[in-house]
Structures are given as structure tokens and as C-alpha cells.
Amino acid sequence: MSSKLSFIGTRGAARFKALAKPLAQALLDYAVQKGPAFGVDQARVSILSVEKTGCNVEKGDMTEWISGKSFSVGICLYGGDKKLSFSVSSPDLEVACKEIDRKIQFLHIIPDNQYQKLLSPDQVYSGPMGLFDTYQPSPVKMPDMVDFAKRMESEAIKNPDVLRVESSGVSQVTHHVLVLATNGQDRSDSSTTYSAGISVVSIKPGVNGEDDEKCIGGAGSSASHFSDLDSPESLGKKAAEEAVKKLSLIKPASGKVSIVLSHDAAEQFYRIVMNAIDGTVLLQKASFLQKKMGEQVLSPDVTIEDLPHVKRSLHSAFVDSSGQKSEPITFIKNGVLQQFNVSLEEARQLGLDPIGRNDGVTNLRICPGSVSPDNLISDIEEGVYIDSFDSGISSTNNGIFSRPAQGMRIHKGKITHQSVGDFIVTGQLQDMFMNLVLANDTPQLPSSCHAIVAPTTRINGVNIV
């Protein structure tokens, strides 16, 4: 076998696998043959090829064309409770073997860590792989990407209150990965990611010598197929509306109110829920849900599930990077904690069974409630519809929640056109978790706008200051 294989520029999934598999096998064989003298008893090889292209547009002209390629070979050597990881950026077999020779002699000084071992062979999935159509084999041509960016920009500047478009761009990234290991891992996968984003500046001229007021808004979309992106017109319009809506914000009256979270704000809030059951936080003993397995921790309205087998979703996976099959998981059912979100190593440290999420959650879905968004709001005399939270405090350790937000005033059961801002939402997460009421409008999967799809969500009894 030739020791030099040209991966850079590889496009097709089949061609990548045909080139990568012999190299990975040769490196695995070399590590197994060389390893025993240095205490190596297991090995893993991963080969990754990434190609990215993109463009940015300004005032109707392309101002930047992005193009880049990368290639890496990741090698992990295991001996007892020791693990040595390193990588090389060359597809040359001789170069990689020399790096193994150089690094393997240091295995004995690596600290022991019994939790970093490879997955047991009997837990490695070896059956047929599911196909989720997450790879677009024919790349999008530059003129089509430029046209998309121009159309986003053109739509945004139709709004008379938009001063300028800061950026309008599109990118495509192609990933190819192949993994071989002595525990039986043997998988390859190819995927594409298309992303579009626009940032807009709105303006309100100052009066009586005051400075002009300027605000920034944005919109974005990501998908595994170019045709699944939100339309450029909808993105441009959304970015403009977001920027304009921030002009002339008023501060709502302080007090205890009901707030209603948009899909975007709800996604932000449920990330806090997932952080409270994350393995890293649990190992730090920094979650008030640490010992709450099987207990009611959220409102009975809330069921949170992770669905790894969604067609055309960027996050779908049939197996995780450890080699375990990824099955659907319900983390929260009717408010009761069913499962912690842990990697393989975290599961071992916590004494739990692995869950097939070594790379994190896949397609997280907050199941819909039973009422319409209109009925969810109808009895709120005075409240706030939250478009988004800014950075602040949301501590899963002591439960303190204190984050600035912006949105729209709710008055007599209706969302008004009055923008509100310059206020902080405060409360205890334990109380907020138990006071959630969900609408029946969870977005469909796959989503090109949300990593977590969540319904419009009401939280009763929070303070705004």
C-alpha cells in the first residue's frame, strides 16, 4: 500500500472511505504490533477531512470568498488505565507511524484514569447503520451562495428604519470521518452543513440634539441541505424586524408577573434545565438536581426527549463516538427526572450505565403542551413576552436566576407592539421549573433555526426589576 494518500480535496463519501480505511487499518495494525513492548493493549484511529467554502456580501457585491480544507489523523493508545492521545495533519503513513514511535514511549508517564478506557466490545454496535440523509453530495456553486446572501441583504434594507447591513453571508462545510478501533469500532460518516446569517443595524434619528439611537438585530439558519435553509427573504426580514424592534424600548413596571417565552427564549431556558442534569455539572456537585432521579423536578407539563434518528437533521446520529448505538431517550417525563445527560466517561465516574450520548444530545425536543399560544396568554392582565435573554446568572448550584431580557409588553391578554427592555428577570430556578405552562406549538424536527425545539412557554410568578 502506498504510504501517501491524497485526501485534501476529497469530496465524495465513497472516495473518502476508500482512501481512509486502508490508512486507518495500517495505523491500527502498526500500533498493535508496536504497542505491547510499551504496555499498549488497545488502540483507536480516527481520520477527519473537512472542507469549507463561503461568501460575504456587502452593498450588493461579494466582499469575501472563504475557502479552506483540513485533514487530521487522531490516534489513541491505551495501556491498562492509561490513555495517550495525539494527532497528525498528514495523510502520509510513514509520517504517522513515526509519530506513533515518538509518542508511544511516553505512555508510562501518563497518569492512570480507569474511566477513559474504550467501550467494552460487547457494547460496540456492529449492525447495519441507519441513513438520515445528512449529506448533500453535490456542493452548492459559488454564484448560488452569493445570490442567497444578496437576497438576504436586499430584503433587510427594504425596511426604512434599517441603516445598513453589517454582514450577510453563506457557508457550506463538508465533514468526512472514519473510525477504527481494536474494540470493534468500524464506522464512517459524511455530512454537510449549510449556514446562512445576516446582521442588521437599525437607526432612530435623535431629536433636539440627542444622538441617534442604533440597534443590532440578526437572523440565521443551518441545515444539512442547502434547500432546507430558511428563505433568504424571511431571514433578511426577520433580522430587520429584530433590529427595529429594539428601538425605543421602554422599561416595564417592576413586580411579580407572568412571563411568556418565545421559541427562541424557551430554547435558552431549557438549556438551563439540561445543564442542571449534565454529567460535567454533576461531577462538580454543582446541581440542585444531583440526587433527584425519579422525583418531580419540573412542572407536570414538561416532557423532554432526545431523538437521534431524525431525517436530514444536523444533529442526528446512529452511534456515538464511543461506538454505542444512540437510541431515543426521555430525560424528563411529565416533570419527573428519568435520566442524566452523560458521556461514556462521565457515566463511569458516576456509576451509571452509558446512554449513547458521548458527543452530547442530538435532537432535543420539548413536547408540546395542551393549550394554544393565544389561550396561554389570554388571562395575563400585565406581563412580558420574552424574545430573548441576555447573559446573566442562571446557577444550577444555588438556583439563582437573574438575567436581562427584552421582548414585548403583554396587556389584557394580548401581545402588544410595544417593545420592552432594560429589565432583569429574577427568581429561583427550582420555583421557575415547577411553574412552567406549555403551549401546543413545538416546532417540527428537523429545525433550521433551533438546536432545541421548544413550545411557547409561560412561567408564572417571576420578578422583573
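The values are calculated or read from the model by the stated rules, or taken from the named source; none is laboratory data. Values in this document were obtained by computation on a predicted structure and should not be read as measured data. Note that we place each Cβ from the backbone using ideal geometry, even for glycine, and neighbour counts take in every protein chain shown.
A few notes on this one:
- Qualifying residues in the stretch 191-234 (those that are surrounded by 21 or more Cβ atoms within 10 Å (Cβ to Cβ) and out of contact with any Ser or Thr (no Cβ under 6 Å at 6 or more places or on another chain)) - the one nearest to G54 (Cα to Cα): Y194
- Members of the stretch 374-407 that are hydroxyl-bearing (S, T, Y), surrounded by 14 or more Cβ atoms within 10 Å (Cβ to Cβ), within 24 Å of the chain's Cα centre (by Cα) and closer than 24 Å to E242 by Cβ: S388, S394, S402
- Looking only at residues of the stretch 420-431 that are under 30 Å from C215 (Cβ atoms) and in contact (Cβ under 8 Å) with a residue 40 or more places away in the chain, we find that the one that is surrounded by the most Cβ atoms within 10 Å (Cβ to Cβ) is V425.
- Among the residues listed as L48, L107, L84, L118, the single one being surrounded by 17 or more Cβ atoms within 10 Å (Cβ to Cβ) and over 29 Å from the mean Cα position of the chain (by Cα): L107
- Residue that is nearest to T134 (Cα to Cα) [pool: residues in the stretch 282-311 that are surrounded by fewer than 21 Cβ atoms within 10 Å (Cβ to Cβ) and acidic (D, E)]: E305
- Within the stretch 229-344, helices (runs of 4 or more DSSP H) holding 3 or more residues that are touching a strand residue (DSSP E or B) at 6+ places or on another chain (Cβ under 8 Å): 232-245, 263-276
- Scope the stretch 139-165; condition among the β-branched types (V, I, T) and over 15 Å from L229 (Cα atoms); matching residues: I157, V162, V165
- Matching option when the condition is out of contact with any helix residue (DSSP H, G or I) (no Cβ under 9 Å at 6 or more places or on another chain), at pLDDT below 95 and either farther than 25 Å from S316 by Cβ or part of a helix (DSSP H, G or I) (or both), among S391, S402: S391
- Of the candidates V140, V165, the single residue that is at pLDDT 95 or above, of a type outside the set (S, T, N, Q) and part of a loop (DSSP other than H, G, I, E, B) is V140.
- Positions within the stretch 90-104 being at pLDDT 95 or above and either within 30 Å of M142 (Cβ to Cβ) or not charged (D, E, K, R) (or both), in sequence order: L93, V95, A96, C97, I100, I104
- N440 touching a residue at least 40 places away in the same chain (Cβ under 8 Å) and either surrounded by fewer than 17 Cβ atoms within 10 Å (Cβ to Cβ) or in contact with an Asp or Glu (Cβ under 6 Å, 6 or more places away or on another chain) (or both): yes
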